[in-house]
Amino acid sequence: MARMKFLCDTERCIECNGCVTACNNENNVPWGINRRHVVTLGDGRRGEKSVSVACMHCTDAPCAAVCPVDCFYTTEDGIVLHDKDLCIGCGYCFYACPFGAPQYPQQEAFGVRGKMDKCTFCAGGPLPDNSKEEFLKYGRNRIAEGKLPLCAEMCATKALLAGDGTVVSEIYRKRVMKRGGRPDALGWQTAYPAEK
Amino acid sequence: MRKTFFGALCLLILAGCYGPVDIAYHEPARYMGSMDPLLAKERSPEQQELLLQRFNKGQTDR
């Protein structure tokens, strides 16, 4: 049984935000929510690094541990999903999550928030696969269609990988062995010439 | 007579303090929602093979 994981290769990520756009478009994400974020460290300085972050589908998910209504479940592939019919939008999972994955759409005026929304690894939720109800609540169920998350499939530099953790880590290991610690991004030396 | 009455009253009050001892503790992370049909689909080796093929097709290095 596969264990689905995301991995973002910071040496390859060029902060194009293609993954964010692909996710928002594919899952019809509500306005004001990004299930995925691109975070850049040392922006504009030599050696800056960008990483695409969303729900990391933790093995021992802290969001599930703190949820007062127990709306989280983990599939056999290790994908952490939740039931929006149970969610009360309390925000505990937001505080527990180390990646800031849970998001809350604005429901009414004065900051009243709705039910939690997060990355589903494009696996929908606890409704009939690829039904209209599932799409409206959770987004597209690509896993049921035999496809993988669109953010990773759309990544132009193949920085973001999504799939069986064993296969993903093997690819990353080969990359590290090949580049030997040198930056992998194309044109890096042109954009950031070595300091003399 | 008066002592017996107060004794009975005290016993009655103490009896009112009784509560059930089998407390329902909250078990964290025990999913309480409806079943996802995807779970059954994920178990099939064909589905796993399909996902692996998809990965090798689109996400392996050029």
Query raised in the report: Hey, which of these cross-link pairs are over 29 Å Cα-Cα: A:Lys49/A:Lys118; A:Lys137/A:Lys174; A:Lys118/A:Lys178?
Result: A:Lys137/A:Lys174; A:Lys118/A:Lys178
Query raised in the report: In the full protein assembly as shown, how much of A:Val69 is accessible to a 1.4 Å probe, in Å² to the nearest 10?
Result: 40 Å²
Query raised in the report: On full extension of the chain, what length is gained from A:Asn17 through A:Phe135, given 0.36 nm per residue of separation minus the C-alpha to C-alpha distance?
Result: 40.2 nm
Requested in this report: Using a 1.4 Å probe and ignoring any ligands, DNA or RNA, find the accessible area of A:Asp85 and quote it in Å² to the nearest 10.
Outcome: 90 Å²
Query raised in the report: How much solvent-accessible surface does B:Ile23 expose, in Å² to the nearest 10, with a 1.4 Å probe and all protein chains in place?
Result: 110 Å²
Query raised in the report: Largest first, what is the accessible-area ranking of A:Ile33, B:Ile13 with a 1.4 Å probe?
Result: B:Ile13, A:Ile33
Report summary line: Karplus ³J(HN,Hα) for the stretch A:63-76 (6.51 cos²θ - 1.76 cosθ + 1.60, θ = phi - 60°; Hz, whole; x = Gly/Pro) runs 4, 5, 5, 9, 4, x, 10, 6, 9, 9, 9, 10, 6, 5
Query raised in the report: For the stretch A:4-191, what is the Kirkwood hydrodynamic radius in Å, using each pair of distinct C-alpha atoms?
Result: 17.5 Å
**Report entry** Estimated dipole of the protein assembly as shown in Debye, rounded to 20 [Cβ of Lys and Arg +1, of Asp and Glu -1, Cα centre]
**Finding:** 700 debye
Report summary line: Along the dipole axis of the protein assembly as shown (charges at Cβ: +1 for Lys and Arg, -1 for Asp and Glu; origin at the Cα centre), the most positive-end residue among A:Tyr172, B:Asn56, A:Thr74 is A:Tyr172
Query raised in the report: Roughly how tilted is helix A:165-179, in degrees to the nearest 10 and between 0 and 90, from the longest Cα axis of chain A?
Result: 20 degrees
Requested in this report: Could I have the simple spin-label model distance between A:Arg3 and A:Ile33, label points 7 Å from Cα toward Cβ, reported in nm to one decimal?
Outcome: 2.9 nm
Query raised in the report: Any idea how far the Cα center of the stretch A:70-86 sits from the one of the stretch B:42-62, in Å?
Result: 22 Å
Report summary line: Between the modelled labels at A:Glu170 and B:Leu9 (7 Å from Cα along Cα→Cβ) the distance in nm is 8.3 nm
Query raised in the report: Rounded to a whole number, what % of the accessible area of the protein assembly as shown do carbon and sulfur atoms account for, probe 1.4 Å?
Result: 60 percent
Requested in this report: Using the charge dipole of the stretch A:1-140 (Lys, Arg: +1 at Cβ; Asp, Glu: -1 at Cβ; taken about the Cα centre), state which of A:Leu41, A:Pro128, A:Cys93 has its Cα farthest towards the positive end.
Outcome: A:Leu41
Query raised in the report: Pairing the Cα long axis of helix B:2-16 with the longest principal axis of chain B, what angle in degrees results, from 0 to 90 and rounded to the nearest 10?
Result: 10 degrees
Report summary line: With -39,500 (n - 2.57) per DSSP H segment of 4 or more residues and division by the full residue count of the protein assembly as shown, the 222 nm estimate, nearest 500 deg cm²/dmol, is -9000 deg cm²/dmol
Report task. Could you work out how far apart the two model spin labels at B:Ile23 and A:Ala109 are, taking each label as a point 7 Å from the Cα in the direction of the beta carbon, and quote it in nm? Result -> 4.5 nm
Query - Among A:Phe99, A:Phe121, A:Phe110, residue whose mean-square fluctuation peaks in a GNM of chain A (springs only between Cα atoms under 10 Å) - result: A:Phe110
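The values are calculated or read from the model by the stated rules, or taken from the named source; none is laboratory data. Values in this document were obtained by computation on a predicted structure and should not be read as measured data. Using ideal geometry, Cβ is built from the backbone for each residue, glycine included, and neighbour counts are taken over all protein chains shown. In case anyone asks, the SASA skips ligands and DNA or RNA and just uses the protein heavy atoms, side chains included. Shrake-Rupley method; radii C 1.70, N 1.55, O 1.52, S 1.80 Å.
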